[in-house]
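Scroll down for the structure; my scribbles are underneath it.
Values quoted throughout were computed directly from the atomic coordinates according to the rules given, and no laboratory measurement underlies them. Model, not experiment: these values are computed from the prediction. So basically every Cβ, Gly included, is an ideal-geometry build from the backbone, and we count neighbours across all protein chains shown.
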2 protein chains.
Amino acid sequence: MSKKGKLLVISGPSGAGKSSVVFKAIEGRDDICFSTSVTTRNPRPGEVDGREYFFVKLERFLEMIKNNELLEHAEYVSNRYGTPRAYVQQRLDEGKNVVLDIEIQGARQVRRMMPEAVLIFIAPPSLEELERRLRGRATDTEEAIQGRLKRARQEYQEADFYDYLIVNDDLEKAAAQFNAIIEAEHCRFADWSELLKKA
Amino acid sequence: MSKKGKLLVISGPSGAGKSSVVFKAIEGRDDICFSTSVTTRNPRPGEVDGREYFFVKLERFLEMIKNNELLEHAEYVSNRYGTPRAYVQQRLDEGKNVVLDIEIQGARQVRRMMPEAVLIFIAPPSLEELERRLRGRATDTEEAIQGRLKRARQEYQEADFYDYLIVNDDLEKAAAQFNAIIEAEHCRFADWSELLKKA
């Protein structure tokens, strides 16, 4: 049976282990891919247009916003980043599940633009554990760590519109939950009801 | 983390293999149990009250309906059958996932009484395959088979309010989907949001 893919939006505090969970989950699966973003920043050496990013000029980026060509967009250090709707739709039509790793504001935009997207929040077992992990990285200043913790607490308050929560206290378990969510979402009655009615 | 169980309502045409899917899925799991129904019919030799059924008099059954003590109820060959709400709630509170194998009308009642119940429709791959399976049983008359097929077609039209559809063309796959749905439903954001907010 040919089936469309699902758009999987993942968010969660820095240090929750979002990428680790997804990379673990997609090991050996070829039906899941990450989305490729559009950006206005310049390509770095070795980066290929259409692989790391789709590189565009600001003028084109603004046009894409205006034409509803972006599922979501945001600004980061004076550069713009967005998710190209047509590209995502094409992968979904091919049957790929597309993963989008974005922040809560972006997820809110995606929910509006594509209500059938599946929103997954990935959290660490506790804020204490998050703090421990952030300190373990040893890359952030004390101020940056406090900022991240404050931000995490704020995100927890705003994440109500997500569909699922994965608590990443065990990577294997979290990855299995991620895959179970995909499996379950592919059994959504609404996706199949037309088929049944034609029976 | 202590967690409540989920109420899993399964329905589908006779011959879809509902019981086979669930029995396959719960092999080796002790966190899933079937609900025990209340009935007004007399116990058969060997049946134990509280095991096969809770046996009650009609008067008590009607009182249970009146007091909203039943999640759903139906009549079958002049006997009444129902699902005791308190019993189900107790198992859910113990952390058990409770399976309820009932018809669409009952599922509709459960959705009203317990909106958080998870409704799963199990269908055969096609009506042709269903017909083949029904004939394979060799227990039904031609008239009964036609009746079951007509009923299945009608059920397909009415099942829109179910959350999930499992197409049982492969027992292992269908059982895995059943388990994935349970796993995913235990990640429902709404079940955890209070926990996050207290973080």
Label spacing, shortest first and in nm, from residue B:29 to its equivalents in the remaining copies (7 angstrom along Cα→Cβ): 1.8
Calculated from DSSP helices alone, with each H run of at least 4 adding -39500 (n - 2.57) and the total divided by the residues of chain A, [θ]222 nm to the nearest 500 comes to -13500 deg cm²/dmol
For A:81, A:76, which order do you get if you count the other beta carbons within 10 Å of each Cβ and list the fewest first? A:76, A:81
Shortest first and in nm, the label-point separations between residue A:60 and its counterparts in the other identical copies (7 Å out along Cα→Cβ) come to 7.6
Sequence order, the stretch B:148-158: Karplus ³J(HN,Hα) from phi using 6.51 cos²θ - 1.76 cosθ + 1.60, θ = phi - 60°, Hz rounded, Gly and Pro as x, gives 5, 5, 5, 5, 4, 4, 5, 4, 4, 6, 9
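For residue A:75 and residue A:150, compute 0.36 nm times the residue count separating them, minus their Cα-Cα distance, and round to one decimal in nm. Write down the numbers at each step before the final one.
On the way: separation 75, 0.36 × 75 = 27.00 nm, distance 2.05 nm.
So the chain would gain 25.0 nm between residue A:75 and residue A:150.
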Could you give, in nm with one decimal, how far residue A:78 is from each other copy of that position, shortest first, with labels 7 Å out from Cα toward Cβ? 8.8
Whose amide H sits under 5 Å from the amide H of residue A:34, counting only residues 5 or more places off or on another chain, with H placed in the peptide plane? A:99
Search the structure for amide H atoms under 5 Å from the amide H of residue A:80, placed 1.01 Å from N in the peptide plane, and list their residues when 5 or more places away or on another chain. A:40, A:41
The exposure ranking of B:173, B:150, A:96, B:198, fewest beta-carbon neighbours within 10 Å first, is B:198, B:150, B:173, A:96
Percent antiparallel among DSSP beta bridges confined to the stretch B:7-197, nearest 5, equals 30
Residues of the stretch A:1-25 with amide nitrogen under 13 Å from the 7 Å Cα-to-Cβ point of residue B:173? A:1-3
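Of the cross-linked pairs A:18/A:150; A:24/A:197; B:57/B:150; B:6/B:197, which ones have a Cα-Cα span greater than 26 Å in the structure shown?
Distance filter (> 26 Å) returns A:24/A:197; B:57/B:150.
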Each label point is 7 Å from the Cα along the Cα-to-Cβ direction; what then is the distance between the points at residue B:68 and residue A:161, in nm? 3.2
Long-range amide H partners of residue A:126 with built H, under 5 Å: none
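For each of A:56, B:167, count neighbouring Cβ atoms within 10 Å of the residue's Cβ, then give the residues from fewest to most.
Details: A:56 19, B:167 22.
Lowest to highest Cβ neighbour count: A:56, B:167.
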For residues of B:188-198, the mean tally of beta carbons on other chains within 10 Å: 6
Tabulate in residue order the Karplus-calculated ³J(HN,Hα) for the stretch A:108-119, using 6.51 cos²θ - 1.76 cosθ + 1.60 with θ = phi - 60°, rounded to whole Hz; enter x for Gly and Pro. 5, 5, 4, 4, 5, 6, 9, x, 7, 4, 9, 9
